[in-house]
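Input: a single structure, listed below in structure tokens.
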Amino acid sequence: MVWERLATTTLTGTGDTLSTGTFTPKIFINYFAHILNTGNIEPQVHDDGDTTNSYAFTSANNGGAYGPAINRTNIRIINGTSDSVFVIGYMVNIATEEKLHIHHVCQDATAGSGTAPNREEVAGKYVQTSTQIAELDTNNIGAGDFVADSNITALGTD
């Protein structure tokens, strides 16, 4: 199994969208995002730019109880933060099956070694079953913004 870089995007200014752009679909996709921000952000994932109620997810913060969210317009990355965020995501991308996602999220919280970072675990799905997805979008629904040098990179293999 050989992995290849499908896409990478680095913001050069301020915005609310961090997108891979279109890439050649693969069955297995790993994606990484480092989201720098100003103000409070709420990053969400959309597959192929779809913002219809085609998503469901469950998440837990710092090892707490999982809470499901159904009939959603996105898969949440983290619920509101003014700190930078690092995301490692995995997805299976088979055309005739729901697209399953797992996100591991680290949020830096308070600077310095006196405070541990926060973590979020998210398991989600995108219910479209007609094609493989060919784009990952991270959109901010918070009042703040993503800033320059925020990055998303996708790797893939069949």
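The values are calculated or read from the model by the stated rules, or taken from the named source; none is laboratory data. The model shown is predicted, which means the values in this text are computed figures rather than measured ones. Neighbour counts are summed over all protein chains in view; Cβ atoms, including those assigned to glycine, are modelled from backbone coordinates with ideal geometry.
In the stretch 66-114, how many are hydroxyl-bearing (Ser, Thr, Tyr), at pLDDT below 95 and farther than 27 Å from Asp145 by Cβ?
Residues that pass the stated criteria total 2.
Between a residue in the stretch 115-139 that is over 14 Å from Ala56 (Cα atoms) and in contact (Cβ under 8 Å) with a residue 40 or more places away in the chain and any residue that is of a type in the set (D, E, K, R) and part of a loop (DSSP other than H, G, I, E, B), which pairs come within a Cβ distance under 7 Å, given they are 6 or more apart or on different chains?
Final answer for the pair search is Ile133/Asp48; Ala134/Asp48; Glu135/Asp48; Asn139/Asp16.
Looking only at strands (runs of 3 or more DSSP E) that fall completely inside the stretch 74-157, which ones have 3 or more residues that are under 21 Å from Phe23 (Cβ atoms) and among the polar types (S, T, N, Q)?
Passing ranges, in order: 151-157.
Among the numbered conditions (1) more than 17 Å from Val122 (Cβ to Cβ); (2) in a strand (DSSP E or B); (3) without any contact (Cβ under 8 Å) to a residue 40 or more places away in the chain; (4) among the hydrophobic types (A, V, I, L, M, F, W, C), tell me where Leu6 comes up short.
The one condition Leu6 does not meet is (3).
Of all residues in the stretch 20-57, how many are buried (at least 17 other Cβ atoms within 10 Å of the Cβ) and among the hydroxyl-bearing types (Ser, Thr, Tyr)?
Residues in the stretch 20-57 being buried (at least 17 other Cβ atoms within 10 Å of the Cβ) and among the hydroxyl-bearing types (Ser, Thr, Tyr): 4 in total.
Looking only at the stretch 115-129, filter to residues that are modelled with pLDDT of 95 or more and small (Gly, Ala, Ser); which one of those is surrounded by the most Cβ atoms within 10 Å (Cβ to Cβ)?
Gly124
Among residues belonging to the stretch 18-44 that are assigned to a loop (DSSP other than H, G, I, E, B) and under 18 Å from Tyr90 (Cα atoms), point out the one that is nearest to the chain's Cα centre (by Cα).
Top of the filtered list is Thr20.
Can you go through Ala69, Ala56 and tell me which one is more than 13 Å from the chain's Cα centre (by Cα), in a strand (DSSP E or B), among the small types (Gly, Ala, Ser) and within 20 Å of Ile41 (Cα to Cα)?
From the options Ala69, Ala56, the qualifying one is Ala69.
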